[in-house]
1. Scan the range 184-199 residue by residue and report those that are open to solvent by less than 20 Å² (accessible area, probe 1.4 Å) and either over 21 Å from Val243 (Cα atoms) or assigned to a loop (DSSP other than H, G, I, E, B) (or both).
2. Name every residue in the range 221-244 that is touching a helix residue (DSSP H, G or I) at 6+ places or on another chain (Cβ under 8 Å) and assigned to a helix (DSSP H, G or I), in order of residue number.
3. Any residue that is assigned to a helix (DSSP H, G or I) and surrounded by 14 or more Cβ atoms within 10 Å (Cβ to Cβ) - is there at least one of those in the range 169-179?
4. Yes or no: Leu207 touching a Cys at 6+ places or on another chain (Cβ under 7 Å), crowded, with 21+ Cβ neighbours inside 10 Å and over 22 Å from Gln118 (Cβ atoms)?
5. Of the conditions (1) in contact (Cβ under 8 Å) with a residue 60 or more places away in the chain; (2) open to solvent by 50 Å² or more (accessible area, probe 1.4 Å), Gly229 clears all except one; give me its number.
6. Quick check on my filter: what residues within the range 1-30 are part of a helix (DSSP H, G or I), aliphatic (A, V, I, L, M) and surrounded by 20 or more Cβ atoms within 10 Å (Cβ to Cβ)?
7. Tell me, please, whether a residue that is without any contact (Cβ under 8 Å) to a residue 12 or more places away in the chain and either open to solvent by less than 20 Å² (accessible area, probe 1.4 Å) or aliphatic (A, V, I, L, M) (or both) can be found in the range 42-50.
8. Would you check which residues across the range 146-168 are of a type outside the set (Gly, Ala, Ser), assigned to a loop (DSSP other than H, G, I, E, B) and surrounded by 14 or more Cβ atoms within 10 Å (Cβ to Cβ) and list them?
Amino acid sequence: MKTAAYVETLDREGTLLAAAAEAAGSDAEVPTCPGWRVRDLLRHTGMVHRWATAFVAEGHTGPRRTDDPPTLDGARLVSWFRDGHARLVDTLSGAAPGVRCWQFLPAPSPLAFWARRQAHETTVHRLDAESARGGEATGIGVDFAVDGIDELLCAFHARPKSAVRTEEPRTLRVRATDAPDAVWTVRLSAQPPVTVREAAGAADCELSGPAAQLYPALWNRRPFPEVTGDGSLAALWCERSAVTWS
C-alpha cells in the first residue's frame, strides 16, 4: 500500500472510532480490552496520535516519552480525541516524503512507517470502540488486513521483546484463505519468532480464515476462525502475543 492510502485509511478509521465511542458513552466497557472503558480507549489512542504526530512534525530522531493523557471525559474527551486525530492526518498528509525522524519498525521511509503504523493502530482500536458500542463491526478490506497481519508477524514479533517463544522449536502457519500468497510460516523457539511470507515446510499448527477475521484474531480481538493441528500453539499466541505500551 502507498502512504496516501494508509493516511486515507487512518482518516476514516479515526472518524469511525470517535463516532462509536460517542455512541457507546465514555463509561461503557470495552469487551475486546478487558478492564478498559471507552474513556481509557480514547485517552490511550489520542495520546498515541499526538505522540506519533510529534515525531513527524518536529523531526525527533530518537525515542521520546508520551505526554500524560488528559483527565477529560464525556463530550470533551471525544472532542480532544478528534482534534488529535485530525492533526495527525494533516501532519502525515502534508509531510515531505523525505522527512527524517525516528521509527521503530522497518519501513521504506519514516513517513511510510508512521502512516502504516497509525492506520493499523487506529483500526484495531476502532474495533474496540465498536465492540463497546455493540452491533455489527465495520468491515476491513482484504488487502489492508493482509498488510496488518504482515506487519504484526514480520515486524512486531521479529523484535527481541516478543514473548511468543517455545522451549523446543515449533512451527506455526497463518493462512488468509481469501488472498493469493497470503501465507506466513512462523518459526518458534527460545528466541524471537522468525517469520517468512511463504508456506515453508510442515507446520505444527495452522491458523486460517478470511484475512479480515484473522487480522483482529491475531491482535486478540476475536477468536481464530479456524485452528488445525496443535491447538496449544494457538493458545500460546493468545497468551503471549500482546503488544504492550512501554
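The values are calculated or read from the model by the stated rules, or taken from the named source; none is laboratory data. Only a predicted model underlies this, so the values are computations on that prediction, with no experimental measurement involved. A quick note on method: Cβ atoms are made from the backbone with ideal geometry, for glycine too, and the neighbour counts reach across all protein chains shown. For accessibility, only protein heavy atoms count, side chains too; no ligands or nucleic acids. Shrake-Rupley method; radii C 1.70, N 1.55, O 1.52, S 1.80 Å.
1. Keep residues of the range 184-199 that are open to solvent by less than 20 Å² (accessible area, probe 1.4 Å), which gives 184-186, 188, 193.
Answer for the range 184-199, where residues must be open to solvent by less than 20 Å² (accessible area, probe 1.4 Å) and either over 21 Å from Val243 (Cα atoms) or assigned to a loop (DSSP other than H, G, I, E, B) (or both): just Pro193.
2. Restricting attention to the range 221-244, the residues satisfying the condition of being touching a helix residue (DSSP H, G or I) at 6+ places or on another chain (Cβ under 8 Å) are 221-225, 227, 237, 241, 243.
Residue satisfying the conditions is Trp237 alone.
3. Initial filter on the range 169-179 (assigned to a helix (DSSP H, G or I)): none.
Looking through the range 169-179, none of the residues is assigned to a helix (DSSP H, G or I) and surrounded by 14 or more Cβ atoms within 10 Å (Cβ to Cβ).
4. On the way: touching a Cys at 6+ places or on another chain (Cβ under 7 Å): no; crowded, with 21+ Cβ neighbours inside 10 Å: yes; over 22 Å from Gln118 (Cβ atoms): yes.
Considered against the rule, which asks whether it is touching a Cys at 6+ places or on another chain (Cβ under 7 Å), crowded, with 21+ Cβ neighbours inside 10 Å and over 22 Å from Gln118 (Cβ atoms), Leu207 comes out as no.
5. Single failed check for Gly229: (1).
6. First, the residues of the range 1-30 that are part of a helix (DSSP H, G or I): 3-24.
Narrowing the set further to residues that are aliphatic (A, V, I, L, M) leaves 4-5, 7, 10, 16-21, 23-24.
Of everything in the range 1-30, those that are part of a helix (DSSP H, G or I), aliphatic (A, V, I, L, M) and surrounded by 20 or more Cβ atoms within 10 Å (Cβ to Cβ) turn out to be Val7, Leu10, Leu17, Ala18, Ala20, Ala21, Ala24.
7. First, pick out the residues of the range 42-50 that are without any contact (Cβ under 8 Å) to a residue 12 or more places away in the chain: none.
Looking for residues that are without any contact (Cβ under 8 Å) to a residue 12 or more places away in the chain and either open to solvent by less than 20 Å² (accessible area, probe 1.4 Å) or aliphatic (A, V, I, L, M) (or both), one finds none in the range 42-50, hence no.
8. Kept after step one, since they are of a type outside the set (Gly, Ala, Ser), are these residues of the range 146-168: 146-147, 149-154, 156-157, 159-161, 164-168.
With the extra rule that they be assigned to a loop (DSSP other than H, G, I, E, B), the set shrinks to 159-161, 164-168.
Scanning the range 146-168 gives Val164, Arg165, Thr166.
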